[in-house]
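Everything below concerns the one structure shown next.
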Amino acid sequence: MTQTTVPQEDPALLAAFEARIAAGESIEPKDWMPERYRKQLTRMMAQHAHSEIVGMLPEGNWITRAPSLRRKMSLIAKVQDEAGHGLYIYCGTETLGVDRHDLFNQLLDGSAKYSSIFNYPTLSWADMGVIGWFVDGAAIVNQTVLAKASYGPYARAMVRICKEENFHKRQGFEICATLAKGTPAQKEMLQDAVNRFWWPSLMMFGPSDKDSPNSAELLKWRVKRKTNDELRQRFVNLTVPQAQAIGVTLPDPDLRYDAATKNWEFGEIDWSEFWDVVKGNGPCNVERLEARNAAHDAGRWVREAALAHAAKNARSVSAA
Amino acid sequence: MSSETSWPLWEVFTQGNAGEPFEHAGSLHATDAEHALQNARDVYARRGEAVNLWVVPSSAITASAPSDAGPFFEPGNDKAYRHPQFYKVPQGIRVF
């Protein structure tokens, strides 16, 4: 853990701020906030926005190979939503006083973090189903709680996003349920995707509370309302019955129902894999960054043309 | 990269149904008003959330300061006579 210097805040302002948080008030961009709150939010929101943007890449991989026009339309709409989610959150982050170009650059030069789940490859069509089911399912669990976050612009972006994620999750689960009723090869493809994505999906909630350096502060200031472990457990409890309903096996021999706690207990997560992917050694970290940079470079002429068009229109208006 | 010119920031307001008030939906970057409207449609109204859109340059908005919230709005609070409950009517009569 690197020790960062804690900026000295005015105790009276800090106390007033914490009282507002305790009273359940929403913090708005122009309100006074501790530097640490601003920093932590910026870091968390930027990571979230980056995740939405990078999250388009694994799914974009399958748009041209979707098995039917219906599936293809859904997938395009879903990927477009992810771009929109990235925009909502980048704009929300800008209310904290950062420039989104700086955030873009941090993503492009590899210094920014994003959800490690997107550093896994999408090898089969079943992966599109399982991503919608697991990854968007996990995102809903996470974001439903973030919709009550203390920072107004973040919470409002989450409300909007949650509505759209429900479509994502259902389209994913429909793909899975269809494959589960298909040929032996389709069932096998589905089970393989489930096997590959289950553990990385559990890792999406972040390190266990005891190893999560940021959790305590984020909880204190109600940016987070539930711990990583609580959210992970909620996701498992929701997902196990869904897996049973379509007859796929979750790849965890230790998974069992605890009647006392009403929780589905699960096995140990391989945190060494998680940290390895976070540090840049996942199967697709390099590929994702290259694809993002290529897209950014290829879009440059569009951005320049839009500016030139606006300048030309402005001239013709002033000349008229 | 950072040498690129930033597009101006716009605030987006949506009207959910005809007759309803416009509500702030969020913000976006766009080169001009027409571009802002098109982006606002794509970002904030993909699922029938709006029948009308306003886009306003963020720089054109003047807002009250949160630190003024108390004193700025205070004068309204001691004018109870602005509220209908201030006025007594004989019991048992429906005034409206």
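The values are calculated or read from the model by the stated rules, or taken from the named source; none is laboratory data. Please read all numbers here as calculations on a predicted model, not as lab measurements. Reconstructed Cβ throughout: ideal geometry from the backbone, glycine too, with neighbour counts over all protein chains shown. Side chains are part of the model used for accessible areas, which takes the heavy atoms of the whole protein and leaves out ligands, DNA and RNA. Shrake-Rupley method; radii C 1.70, N 1.55, O 1.52, S 1.80 Å.
Here is how the numbers come out for the structure above:
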{"item": "Cβ-Cβ under 8 Å pairs, at least 6 apart or on other chains, region A:73-99 side over 12 Å from A:SER51 (Cα atoms) and more than 8 Å from every other protein chain (Cβ to nearest Cβ), far side aliphatic (A, V, I, L, M) and open to solvent by 40 Å² or more (accessible area, probe 1.4 Å)", "result": "A:VAL79/A:MET56"}
{"item": "B:ALA36 being more than 9 Å from chain A (Cβ to nearest Cβ), of a type in the set (A, V, I, L, M) and not in a helix (DSSP H, G or I)", "result": "no"}
{"item": "The one condition in (1) touching a Pro at 6+ places or on another chain (Cβ under 8 Å); (2) of a type outside the set (Val, Ile, Thr); (3) exposed (fewer than 10 other Cβ atoms within 10 Å of the Cβ) that B:PRO71 fails to fulfil", "result": "(1)"}
{"item": "Extreme residue, nearest to A:PRO58 (Cα to Cα), among residues of region A:173-207 that are among the aromatic types (Phe, Trp, Tyr) and part of a helix (DSSP H, G or I)", "result": "A:PHE197"}
{"item": "Unmet criterion (only one of (1) within 9 Å of chain A (Cβ to nearest Cβ); (2) part of a strand (DSSP E or B)) for B:VAL43", "result": "(2)"}
{"item": "Matching residues, region B:66-82, being modelled with pLDDT of 75 or more and among the small types (Gly, Ala, Ser)", "result": "B:GLY70, B:ALA80"}
{"item": "Selection count where residues are of a type in the set (Val, Ile, Thr), open to solvent by 60 Å² or more (accessible area, probe 1.4 Å) and either under 28 Å from A:GLU230 (Cα atoms) or not in a helix (DSSP H, G or I) (or both), scope region A:259-306", "result": "1"}
{"item": "Scan of region B:46-67 for residues that are more than 16 Å from B:SER27 (Cβ to Cβ) and at the interface with chain A (Cβ under 8 Å from one of its Cβ atoms), ordered by number", "result": "B:ARG46, B:ARG47, B:ALA65, B:PRO66, B:SER67"}
{"item": "Residue within region A:159-174 that is within 22 Å of A:ASN237 (Cα to Cα), modelled with pLDDT under 95 and of a type in the set (Phe, Trp, Tyr) present", "result": "yes"}
{"item": "Flag if B:GLN91 is open to solvent by less than 50 Å² (accessible area, probe 1.4 Å) and away from chain A (no Cβ under 14 Å)", "result": "no"}
{"item": "So B:THR5, is it out of contact with any helix residue (DSSP H, G or I) (no Cβ under 8 Å at 6 or more places or on another chain), modelled with pLDDT under 95, within 13 Å of another protein chain (Cβ to nearest Cβ) and closer than 30 Å to A:ALA311 by Cβ", "result": "no"}
{"item": "Complete set of residues in region A:46-68 that are open to solvent by less than 30 Å² (accessible area, probe 1.4 Å) and either β-branched (Val, Ile, Thr) or touching a strand residue (DSSP E or B) at 6+ places or on another chain (Cβ under 8 Å) (or both)", "result": "A:ILE53, A:VAL54"}
{"item": "Subset of region A:200-243 [surrounded by fewer than 18 Cβ atoms within 10 Å (Cβ to Cβ) and within 23 Å of A:TRP275 (Cα to Cα)]", "result": "A:SER208, A:ASP209, A:LYS210, A:ASP211, A:SER212, A:PRO213, A:ASN214, A:ALA216, A:GLU217, A:LEU219, A:ASP229, A:GLU230"}
{"item": "Leading residue by the ranking (nearest to the chain's Cα centre (by Cα)) among those in region A:100-140 that are of a type in the set (Ser, Thr, Tyr) and away from chain B (no Cβ under 14 Å)", "result": "A:SER115"}
